[in-house]
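Trainee: Please find one structure pasted underneath; my questions will follow.
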Amino acid sequence: MPLFIGADYEKTVVSPYPLKMRAGRARRYRYGSVTEVVPRSPSGRTRPERTRDAGQLALVLIVVTALVSALGVPWLAIASGCAILFLAMTGRRRRAAQPGTVALPRGDAADVLYAPQERAAYGRAVATARRVRKTWPALHHMIDPDEADRGLTTALRDLASVLARRQQIRRLRDELEQAAAHGLAPDSPAARALAEQRDRVAELWRESGDDANRILAAVHAAAVAGENLIRELRVHQTARDAELAISRLTAAAGPASDAAPELAGRTAAVIAAYRELTGG
């Protein structure tokens, strides 16, 4: 099942269905069955600048309409086309100037993370998942990419659910901590009931932390194992290539000949004979 992950300046949305933008524009990057929706930076053009650009565009379209109408083309068709073009271009520029914001999907299928702690943890998991996927091409003869993709996508989906639950527990824990400053006697029924609920929330907090850490550790371990194996395979291949090269060099070398010493001896003999001849 595909998974869509979108993160803007205020939240992270994880959904099994495609994500849309509420404002601004976004780039989409697909990694297997996971698609990341990354909002683009605003264009920076102010509203007065966009209004000026729209006026200039409208003037150009009016001139084009007049010129084409003079050629006998029905002006209504030209005006309709220019109006559609004007609305499309101004709408595109308006969206480009807005900060990118991911729209919340309908229904309860999506998990939405608002707390900075949970968003940061999920961001690290997504980055680590990219590292895992980068190892698959080199390990294609050892793993089933489709099965690995399903497992990794499921891990990211489960982690989003755990972190969404954890941020709810965080809010409840904070509310109970604020309520603890009630000034009641510790042995009062209300104080005892509050203490009991705080203990239950603390247990849920520990359990959610353990679940999240287990998934994060598993994804990290998969990335490290794949990267280490690739390094080991590369070193092994380098050693094999070196062994073959050494074997070829050894076979090509053969026993050393006496040509060089013989040449030196003959040269020395010629020089000695020449000296005797000239000296005599």
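The values are calculated or read from the model by the stated rules, or taken from the named source; none is laboratory data. If you're wondering where the values come from, they're calculated on a predicted model, not measured in any experiment. Glycine gets a Cβ as well: all are built from the backbone with ideal geometry, and neighbour counts include every protein chain shown.
Trainee: Do we have any residue at all in segment 91-112 that's touching a helix residue (DSSP H, G or I) at 6+ places or on another chain (Cβ under 9 Å), on the phi < 0 side of the Ramachandran plot and of a type in the set (S, T, N, Q)?
Mentor: Checked segment 91-112: no residue is touching a helix residue (DSSP H, G or I) at 6+ places or on another chain (Cβ under 9 Å), on the phi < 0 side of the Ramachandran plot and of a type in the set (S, T, N, Q).
Trainee: Something else about it: So which residues in segment 1-33 are surrounded by fewer than 13 Cβ atoms within 10 Å (Cβ to Cβ) and acidic (Asp, Glu)?
Mentor: Within segment 1-33, Glu10 is the sole residue that qualifies.
Trainee: Separate question: Quick test of your reading of the structure: Thr51 fulfils all but one of (1) within 17 Å of the chain's Cα centre (by Cα); (2) over 30 Å from Glu147 (Cβ atoms). Name the failing condition by number.
Mentor: (1)
Trainee: Within segment 139-155, which residues are crowded, with 17+ Cβ neighbours inside 10 Å and either without any contact (Cβ under 8 Å) to a residue 12 or more places away in the chain or under 18 Å from Thr12 (Cβ atoms) (or both)?
Mentor: To start, the set of residues in segment 139-155 that are crowded, with 17+ Cβ neighbours inside 10 Å comprises 148-149, 152-153, 155.
Answer for segment 139-155, where residues must be crowded, with 17+ Cβ neighbours inside 10 Å and either without any contact (Cβ under 8 Å) to a residue 12 or more places away in the chain or under 18 Å from Thr12 (Cβ atoms) (or both): Leu152, Thr153, Ala155.
Trainee: Given (1) exposed (fewer than 13 other Cβ atoms within 10 Å of the Cβ); (2) at pLDDT 90 or above; (3) not assigned by TED's automatic domain parsing to the domain that holds Asp211, identify the lone condition not met by Glu36.
Mentor: (1)
Trainee: Next question, about the same structure. Out of the residues in segment 43-88 that are part of a loop (DSSP other than H, G, I, E, B) and among the hydrophobic types (A, V, I, L, M, F, W, C), which is modelled with the lowest pLDDT? Walk me through it before giving the result.
Mentor: Let us first name the residues in segment 43-88 that are part of a loop (DSSP other than H, G, I, E, B), namely 43-46, 71-74.
Within this subset, residues satisfying the condition of being among the hydrophobic types (A, V, I, L, M, F, W, C) are 71, 73.
Numbers: Leu71: 71, Val73: 68.
Ranking the qualifying residues of segment 43-88, first place goes to Val73.
Trainee: Would you check if Leu176 is touching a residue at least 40 places away in the same chain (Cβ under 8 Å), in a helix (DSSP H, G or I), surrounded by 12 or more Cβ atoms within 10 Å (Cβ to Cβ) and of a type outside the set (Val, Ile, Thr)? Steps first, answer last, please.
Mentor: Values: touching a residue at least 40 places away in the same chain (Cβ under 8 Å): no; in a helix (DSSP H, G or I): yes; surrounded by 12 or more Cβ atoms within 10 Å (Cβ to Cβ): yes; of a type outside the set (Val, Ile, Thr): yes.
Judged against the criteria, Leu176 is not a match.
Trainee: I would also like to ask the following. Are any of the residues in segment 128-138 loosely packed, with under 12 Cβ neighbours inside 10 Å and either outside any helix (DSSP H, G or I) or modelled with pLDDT under 90 (or both)?
Mentor: Checked against the condition, which is being loosely packed, with under 12 Cβ neighbours inside 10 Å and either outside any helix (DSSP H, G or I) or modelled with pLDDT under 90 (or both), segment 128-138 yields at least one hit.
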